[in-house]
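Values in this text are rule-based calculations from the coordinates and carry no lab data. Because the structure is predicted, anything quoted here is derived from the model rather than measured. Neighbour counts are summed over all protein chains in view; Cβ atoms, including those assigned to glycine, are modelled from backbone coordinates with ideal geometry.
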Amino acid sequence: MTNYKENLKKITTFIFDYDGVMTDGTLVLQHEGQPLRTANVKDGYVLQLAIKLGYNIVIISGGYSKSVENRFGSLNITDVYLSVNDKLSTFNNHIKKNNILPEQVVYMGDDIPDYRVMKTVGIPVCPADASQEIKDISVYISDKKGGQGCVRDIIEQVLKVQGKWMTEESFFW
């Protein structure tokens, strides 16, 4: 089997689940019922950098909250699919509409709803605390847990392999 880092050279698109990948999966419920989530600043930095460098960043999540929409808006992530019941259909529609090949995609998920998409993409990856079924199909398991820099980890690897890490664009937020 080819080393997964060789395949990182082909990547143009990153697709992420939200809860459990960009967050630690904990939901603190306010008395109105709205969930509070935490986000990692280092993940946010590298997401906006990847966009500046021309990568496609896509979010496909079963969850929804206005604060999540606001977070992605502040990072200039426009391909955001929330309250998704069928992630595979959403994925297939998105790549078809945008002429993206599955082998050009890194998908990071952490639990069973991500499984079918991860079996389809070129580089399925997961955080350290993903479910065992997801770990079993991942070509890379980050040493970082969800919400603790796993997004930064995989994007940084791709940028380094493609010679785009620590370029002039890296120094401006």
Discussion item. So if I check each of Ser138, Ser131, which one is over 14 Å from the mean Cα position of the chain (by Cα) and without any contact (Cβ under 8 Å) to a residue 40 or more places away in the chain?
Written reply: Ser131
Worksheet item: Within the range 147-155, can one find any residue that is farther than 16 Å from Ile59 by Cβ, of a type outside the set (A, V, I, L, M, F, W, C) and out of contact with any helix residue (DSSP H, G or I) (no Cβ under 7 Å at 6 or more places or on another chain)?
Response: yes
Worksheet item: How many residues are hydrophobic (A, V, I, L, M, F, W, C), closer than 17 Å to Leu8 by Cβ and either surrounded by fewer than 22 Cβ atoms within 10 Å (Cβ to Cβ) or touching a residue at least 40 places away in the same chain (Cβ under 8 Å) (or both) when one looks only at the range 89-124?
Response: 7
Practice prompt. Please report, ordered by residue number, the helices (runs of 4 or more DSSP H) entirely within the range 70-173 with at least 2 residues that are in contact with an Asp or Glu (Cβ under 8 Å, 6 or more places away or on another chain), among the hydrophobic types (A, V, I, L, M, F, W, C) and more than 21 Å from Thr23 (Cα to Cα).
Written response: none
